Amino acid sequence: MQATMLTFKDIPHSIWLIRKTWITRGARLYYSQYGEDAVLREIISPSFNNGVYVDVGAYHPIKFSNTYALYRRGWRGINIDMDPVKIEAFKLARSDDTNVCAAISNEKATRQAYSFSAYGLTSTIDPGEVARRTETPISVRNVETTTLNEVLENSCYSAREIDLLSIDAEGHDYHVLRSIDLKKYRPKIVIVESTLMSMNDIMNSAIYRYLVERDYRLIGWTHLSLIFRIERSEIFRFQL
């Protein structure tokens, strides 16, 4: 067997190959549950670092967060969850944000809030979502719902357009979406949860029709999250 001799001229190529093989092959990390923030990283201009987000059903300041990567880039905004302990965590880890304990719906009313674990992903005020679940809630309490419009009007962002609206309301997402004046706050990107598993069903859904009728375009789908955007804005890396 003939030995292969490494010559001096081969050394730059060998270093380049080692770098491409091991050093640059690392996975691209994300904080969101299904990689939503990895999609945002691709569509938002890297120079746009002072955006505003509204995160409904925010859950945790870091884990499964659609906004934490943006927070690290300099974005700030409003995090909303109806579970007080989750808002305590946001106040601890993201005190530069506005953190609001509230149940969001399209009208102000008294509803029952169902929790299925002490710090879980699936707290809901939607009766249909509760009916679909097989486990018994660990707690049921009455909450007063409010609208996104009211939360925004009582915040420091009342006169500002929103760059990202993220909604994860466990079956109540359409009602949350209807509670914000899209013409006034004009979120550039909307991420909204949907449990539909086919594109045909999604395109026939109330959420899809509601946003498309208001000039949004579906540009991404990551398992349970639909990602919509408006056509043109300085926020985007590429214009449609």
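Taking the listed residues 86, 9, the one that is surrounded by 10 or more Cβ atoms within 10 Å (Cβ to Cβ), charged (D, E, K, R), modelled with pLDDT under 95 and assigned to a helix (DSSP H, G or I) is 86, with no other qualifying. Considering only residues in the range 94-133 that are polar (S, T, N, Q) and within 21 Å of residue 32 (Cβ to Cβ), the one that is surrounded by the fewest Cβ atoms within 10 Å (Cβ to Cβ) turns out to be 117.
Residues checked against (1) within 20 Å of the chain's Cα centre (by Cα); (2) modelled with pLDDT of 90 or more; (3) of a type in the set (Lys, Arg):
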residue: 71; (1), (2), (3): yes, yes, no
residue: 75; (1), (2), (3): yes, yes, no
residue: 80; (1), (2), (3): yes, yes, no
residue: 91; (1), (2), (3): yes, yes, yes
residue: 94; (1), (2), (3): yes, yes, yes
residue: 104; (1), (2), (3): yes, yes, no
residue: 117; (1), (2), (3): no, no, no
residue: 128; (1), (2), (3): no, no, no
residue: 135; (1), (2), (3): no, no, no
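The residues on offer are 168, 181, and the sole one that is crowded, with 21+ Cβ neighbours inside 10 Å and of a type in the set (D, E, K, R) is 168.
Of the residues making up the range 134-159, those that are surrounded by 13 or more Cβ atoms within 10 Å (Cβ to Cβ) and within 27 Å of residue 228 (Cβ to Cβ) are 145, 146, 147, 148, 149, 150, 151, 152, 153, 155, 157.
Here residue 223 meets each of (1) under 15 Å from the mean Cα position of the chain (by Cα); (2) crowded, with 16+ Cβ neighbours inside 10 Å with one exception, condition (2). Exactly one residue among 190, 176 is in contact with a Leu (Cβ under 8 Å, 6 or more places away or on another chain), in a helix (DSSP H, G or I), at pLDDT 95 or above and at negative phi, and that residue is 176.
The values are calculated or read from the model by the stated rules, or taken from the named source; none is laboratory data. Nothing here was measured: the structure is a model prediction, and the numbers come from that model. Glycine also receives a Cβ, built like all others from the backbone with ideal geometry; neighbour counts cover every protein chain displayed.
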